[in-house]
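Engineer: Quick one: the structure is below, and I'll ask about it shortly.
The values are calculated or read from the model by the stated rules, or taken from the named source; none is laboratory data. Since we're looking at a predicted model, the values are computed, not measured. Glycine gets a Cβ as well: all are built from the backbone with ideal geometry, and neighbour counts include every protein chain shown. To get the accessible areas, we keep the full protein, side chains included, count just its heavy atoms, and leave off ligands, DNA and RNA. Shrake-Rupley method; radii C 1.70, N 1.55, O 1.52, S 1.80 Å.
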Amino acid sequence: LLVSPFVLGVVGWFVTDQQVRSKAAKRRREFDAGLATYLGLVATLTAAGSGLEEAMWVSVEQGRGWPFQVVRRALSDARNRGSTPWESMNDHGRQLDLPSLVELAATFQLSGTSGAHIRHTVMTKANSLRAHQLSVIEAEANARTAAMTGPIGFMLAGFIILLLFPAVSRFSSF
């Protein structure tokens, strides 16, 4: 009786841990989708002649949802601290464990400091995020399809037994 609370506590710990990890992974995927949308807006505005920082601010004000809130908070923190937006994005990305935001900060830093072609760089980053999202979705679909092999096999075996049972029982009665 003394062992059961301990066992239940350990099981509860692992179940809760798995649930939190699953929710975090789902939120990261949501963030990546929002970030790809944000980058599309930034690219459109830079193509229209806006500077990078102006395009970043206007784009983040147009979006809704928590990915835009994170970027908005990073831009506000940068403005309040007097640092560059990409430094703040890097800090927020590391703090929230959002690799795509850290990578975006590095991309913006390169664009902001080396004079790289900003619109092309931002569009490339948005396209790579979308391609990554698509590959994750395809991998999940393939895993679910593979997981259905066993149940489908059992269902097929049951159907064959159902078809053959009358014939086998008739021959065995002779």
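Engineer: Please report, in debye to the nearest 20, how large the charge dipole of the stretch 72-127 is about its Cα centre when each Lys and Arg carries +1 at its beta carbon and each Asp and Glu carries -1 there. The partial results should precede the final answer.
Structural biologist: Details: 7 positive and 5 negative charges, 42 e Å.
That gives the stretch 72-127 a dipole magnitude of about 200 debye.
Engineer: Treating only the Cβ atoms of Lys and Arg (+1) and Asp and Glu (-1) as charged, compute the dipole magnitude of the stretch 1-98 about its Cα centre; round to the nearest 20 debye. All intermediate terms of the calculation are to be shown ahead of the outcome.
Structural biologist: On the way: 12 positive and 10 negative charges, 66 e Å.
Taking the Cα centre of the stretch 1-98 as origin, the dipole is about 320 debye.
Engineer: Quick one, what does Rg over Rh come out to for the stretch 1-123 if you take C-alpha atoms and the Kirkwood Rh?
Structural biologist: 1.19
Engineer: Turning to a different aspect of this structure: Carbon and sulfur atoms: what percent of the 1.4 Å accessible area of the chain do they account for?
Structural biologist: Answer for the chain: carbon and sulfur cover 64 percent of the accessible area.
Engineer: Based on Cβ point charges of +1 for Lys and Arg and -1 for Asp and Glu, what charge dipole magnitude is obtained for the chain about its Cα centre, in debye rounded to the nearest 20?
Structural biologist: Magnitude of the dipole: close to 380 debye.
Engineer: In addition: How large is the convex hull of the C-alpha atoms of the stretch 30-90 per residue, in Å³?
Structural biologist: 68 Å³
Engineer: Let me ask something else about it. I'd like the Kirkwood hydrodynamic radius of the stretch 55-174, using the inverse of the mean 1/r over distinct C-alpha pairs, in Å.
Structural biologist: On the way: mean 1/r = 0.0537 Å⁻¹.
Hydrodynamic radius (Kirkwood, Cα pairs) of the stretch 55-174 is 18.6 Å.
Engineer: As an exercise, use a Förster radius of 30 Å and the Cβ-Cβ distance of Ala141 and Glu61 to find the FRET efficiency, rounded to the nearest 0.05.
Structural biologist: 0.30
Engineer: How long is the gain from Ile152 to Gln18 if the chain were fully straight, where each residue apart is worth 0.36 nm and the alpha carbon distance is subtracted?
Structural biologist: Values: separation 134, 0.36 × 134 = 48.24 nm, distance 2.78 nm.
Extra length available between Ile152 and Gln18 comes to 45.5 nm.
Engineer: Specify which residue in the list Ile161, Gly12, Val122 is farthest towards the positive end of the charge dipole of the chain, using unit charges on the beta carbon of Lys, Arg (+1) and Asp, Glu (-1), about the Cα centre.
Structural biologist: Working it through, the farthest residue towards the positive pole turns out to be Ile161.
Engineer: Ranked highest first by average number of other Cβ atoms within 10 Å, how do 85-94, 24-33, 134-143 line up?
Structural biologist: 85-94, 24-33, 134-143
Engineer: Separate question: Find the accessible area per residue for the stretch 1-83; the probe is 1.4 Å, ligands and nucleic acids are left out, and the unit is Å².
Structural biologist: 64 Å²
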